[in-house]
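J.: Quick one: the structure is below, and I'll ask about it shortly.
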Amino acid sequence: MQDRFDNQGRTRWRRFAAMMVPATAAAGAILFGMSTGAIASDITVSGQTFKIGAERLEGDGFKQYGGIVREKGKDGKAGEVHPIALSEISSAELYSLCQSVRADLPGLPVVLTINAGEGKDPARAKDLLIAMDSLNGNATFTNIKIGRDATDLNPTAKAGSFGQNSDHITITNLRQVSRYTTAATFNLVGLRLKVNVGDDAKDKECF
């Protein structure tokens with residue numbers, strides 16, 4: 001009896017990992033994407049996550065489906081696999097964009113920050129892809145379709161897995177934890193990059 005329940009639990013988890021994003025996550029499904037396809041199998045990621053924040057995002061051509069990224073292995077062993085949500089946006093404007101990553105040294109806090117798109121001129125991106133662990137914010141979708149087969153959104157996605165898309169998306173107070181991003185073009189208006197070290201690193205992450 002217990003084995004039957006255990007098998008059911010494993011089956012449900014496999015379905016979750018394949019689908020990745022249930023319909024209830026629609027309001028939190030955002031930020032970057034790349035219309036050319038899912039993450040290639042030969043791309044490996046670091047073991048670190050980074051944070052992305054924005055006061056507001058306006059995006060056209062939003063798509064989302066599940067996927068995985070893999071860390072680079074060591075000593076001939078396969079690297080760790082991370083289930084993620086893959087989001088695409090064909091064209092995006094990001095107001096008050098912030099990106100931060102911790103790069104601590106032994107006994108020395110270090111935070112790298114990038115800021116752009118402050119004021120009237122936002123940061124602009126084309127054909128973006130982001131692999132995310134989590135996202136928080138307030139989202140409004142235009143003509144959203146939830147529950148599509150992911151391969152109708154991207155032919156490289158897993159057949160039969162969950163997907164969703166909308167013509168336009170607006171998200172305010174964006175807070176996102178990500179593992180990988182790529183873009184065709186990314187115009188960072190008013191770019192400011194700083195390495196914050198020691199006491200200066202305190203409270204310097206985007207959120």
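Taken together, the values in this text are just the output of simple stated rules run on the coordinates, not laboratory data. As the structure is a prediction and not an experimental result, all values here were calculated from the model. A quick note on method: Cβ atoms are made from the backbone with ideal geometry, for glycine too, and the neighbour counts reach across all protein chains shown.
J.: If you keep only loop residues by DSSP, which trypsin sites (Lys or Arg not before Pro) in the stretch 59-168 have at most 15 other Cβ atoms within 10 Å of their Cβ?
T.: LYS72, LYS74, LYS77, LYS120
J.: Sticking with this structure for a sec: Could you calculate the FRET efficiency of THR172 with ALA103 from 1/(1 + (r/R0)^6), where r is the beta carbon distance between them and R0 is 35 Å, rounded to 0.05?
T.: That pair, THR172 with ALA103, gives E of 0.75.
J.: Evaluate the Debye formula for the stretch 79-207 with equal point scatterers sitting on the alpha carbons, no solvent, and hand back log10 of I(q)/I(0) at q = 0.09, 0.10, 0.21 Å⁻¹, in q order, two decimals.
T.: Reported log10 I(q)/I(0), two decimals: -0.33, -0.41, -1.39.
J.: A follow-up question, please. For LYS63, give me every one of the lysines with a C-alpha distance below 29 angstrom, ignoring sequence neighbours fewer than eight places off in its own chain.
T.: Excluding near neighbours in sequence, the set is LYS51, LYS72, LYS120, LYS126, LYS145, LYS158.
J.: Give the order of ASP60, ASP199, ASP75 when sorted by the count of other beta carbons within 10 angstrom, beginning with the fewest.
T.: Starting with the residue having the fewest Cβ neighbours, the order is ASP75, ASP199, ASP60.
J.: Further, regarding this structure: ASP133's amide H: which non-local residues (gap 5+, or another chain) put their own amide H closer than 5 Å, with H modeled 1.01 Å from N in plane and none for Pro or chain starts?
T.: VAL177, SER178, ARG179
J.: Using a Cα-Cα cut-off of under 18 Å, which aspartates and glutamates could be cross-linked to LYS202, ignoring same-chain neighbours fewer than 8 residues away?
T.: ASP104
J.: Under 18 Å from a point 7 Å along the Cα-to-Cβ line of GLU55: which residues of the stretch 113-133 have their amide N that close?
T.: 114-125
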